[in-house]
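Right, one structure below, let's go through it.
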Amino acid sequence: MVLSIRFLFAGFGGCLLGAISTPPEPDPFATISADDECLALDLGADRERCALSALQLRSVAKAQAAVETSQGDSREAAWGPLPQPAPLPPGVYSPAPAPLPPQIYAPAPMPMPAPISAQKYKCASLEAPENAKCKEPVDWVISAGKFDPNASAWFADMKQITGIDYSEASTSDFQRLYFCAPPGGKQCGLPPCTCSKPPCNTCLASAMEVVKRAGCDSSPDSIHCKPPAKPMDYNGMSWPPLEYPGLEEMHIFAIGDWGGMDGSLNPIEGRPRIIAYDGGSQKGPSVFPRTRWNRWHTIELCNHEQLVECFNSKGGTCPKSCGFVEGVDDKPQQLVAQAMEERAHLSKPQYILNVGDNFYWGGIEKTCGTPMHELSYTAFHQFNQVFENVYTGPGLQGLPWLSVLGNHDWGGRQ
């Protein structure tokens with residue numbers, strides 16, 4: 001067998017360049033400490049969680065600033081003032097027709113993982129103490145919210161989660177929505193006990209239970225049968241070897257640092273939305289803005305705040321050293337996927353090697369522990385917006401991806 005490995009490296013953090021000359025080696029410690037949106041910090045807890053904290057705190061600050069400067073209207077009692085974002089640039093993905101209510105960042109009661117199968121589960125009425133955080137917005141939705149002109153945008157996840165259109169949904173159906181993907185962030189701590197289309201604790205109305213993997217009855221604690229309780233629990237473990245037999249020339253694509261941010265997700269667990277700049281709430285992947293350096297990483301050309309301003313202004317008010325190009329910098333993942341699709345039509349790759357950093361800025365936005373035979377709505381939403389709906393087309397659709405996790409996939413840059 002002749003194995004031809006064709007590498008297609010692309011990502012939001014940089015690109016692969018051929019070696020032209022070898023400049024003096026920069027100090028690696030200084031390079032790492034000043035990388036990305038992080039400033040040089042002393043060693044310690046703040047430095048360890050720099051990348052994740054910087055962007056999430058920025059998202060919180062932007063939302064709070066929007067709340068403080070909003071004019072407000074009749075929805076303030078339940079939502080708080082609603083910010084009006086700038087118009088989104090045209091792109092591959094259609095933007096949501098209206099802004100979502102502002103995010104509420106106070107931690108919500110930790111929800112139970114949403115099971116797929118109909119089994120006994122803890123539930124409660126909307127009046128239960130566990131649902132105190134979501135009761136007011138749900139009551140407002142039933143009395144007025146679902147008749148608002150923006151309702152179709154706010155409650156876009158309703159039918160996928162409950163199987164019921166928001167215009168026909170009951171109070172229990174909206175409680176289920178707010179348990180799974182709360183618009184505005186005020187999450188219900190427990191699902192309803194009754195709803196229009198049970199089981200009421202699930203977050204995917206049409207999802208089918210995944211068949212249990214072979215061998216899990218005899219080895220239920222093995223790596224492919226039991227989810228890790230913490231991101232690093234399976235560090236160093238591996239899947240069994242995979243074989244791709246054949247005598248013909250084989251082509252492989254390799255990709256890394258390709259991930260995007262799912263700004264259209266309504267996170268659970270009191271987490272902020274994954275938005276770094278105006279327009280980041282559009283459907284499909286949005287960009288993780290990275291500080292830009294020269295090739296040898298010795299001179300900072302554009303810091304994180306400057307690059308965010310490039311996105312906010314569509315290149316109108318940002319330094320030339322940032323090199324921002326509208327239609328390129330704001331759609332890198334889509335352009336790479338298009339190139340992969342075109343190349344796959346010619347090369348017909350057997351599989352794709354995926355070397356990580358798939359979901360920015362800190363992986364799947366929920367606590368670990370969803371059983372292996374179930375699928376959380378958070379994971380479903382992020383995979384669809386950032387992966388499944390991006391790498392498509394003849395020659396690419398349905399190919400196996402052999403993947404590893406990058407640092408951003410398990411919580412940031414620690």
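The values are calculated or read from the model by the stated rules, or taken from the named source; none is laboratory data. It should be emphasised that the depicted structure is a prediction, and the values quoted were computed from it without experimental measurement. As a convention, Cβ positions derive from the backbone with ideal geometry for all residues, glycine included, and neighbour counts pool all protein chains shown. Side chains are part of the model used for accessible areas, which takes the heavy atoms of the whole protein and leaves out ligands, DNA and RNA. Shrake-Rupley method; radii C 1.70, N 1.55, O 1.52, S 1.80 Å.
List, in order, the whole-Hz ³J(HN,Hα) value for each residue of segment 225-239 obtained from phi through the Karplus relation with A = 6.51, B = -1.76, C = 1.60 and θ = phi - 60°; use x for Gly and Pro.
These are the phi-based 3J(HN,Hα) values: 10, 10, x, x, 6, 10, x, 9, 4, 9, 4, x, 8, 9, 7 Hz.
What does the accessible area per residue of segment 222-284 come to in Å², with a 1.4 Å probe and no ligands, DNA or RNA counted? Kindly include the intermediate steps, with their values, before the conclusion.
Numbers: 3000 Å² over 63 residues.
Ligands and nucleic acids excluded, the figure is 48 Å² per residue.
Would you please give the residues with an amide H less than 5 Å from that of residue 351, counting only those at least 5 places away or on a separate chain, with H modeled from the backbone geometry?
253
How much of the accessible area of segment 309-414, probe 1.4 Å, is carbon plus sulfur, in whole percent?
Working: 2640 of 4640 Å².
That share works out to 57 percent.
Hey, rough spin-label estimate for residue 301 and residue 392, points 7 angstrom out along Cα→Cβ, what's it come to in nanometres?
Computed distance between label sites residue 301 and residue 392 equals 3.3 nm.
Can you list the GluC sites (Glu not before Pro) in segment 122-185 that are in a DSSP coil and have 13 or fewer other beta carbons within 10 angstrom?
Answer in residue order: 127.
Step through the residues of segment 261-267 one at a time and calculate ³J(HN,Hα) from phi using the Karplus curve (6.51 cos²θ - 1.76 cosθ + 1.60, θ = phi - 60°), rounding each to whole Hz and writing x for Gly and Pro.
For segment 261-267, the Karplus-derived couplings read 10, 9, x, 8, 6, 9, x Hz, x marking Gly and Pro.
Report the Stokes-Einstein translational diffusion coefficient (µm² s⁻¹, integer) for segment 323-398, Rh taken as the Kirkwood radius over Cα pairs, at 4 °C with viscosity 1.567 mPa s.
Reported coefficient: 89 µm²/s.
Taking one equal scatterer on every alpha-carbon of segment 347-388, how large is log10 of I(q)/I(0) by Debye at q = 0.19, 0.22, 0.28 1/Å?
-0.71, -0.86, -1.09
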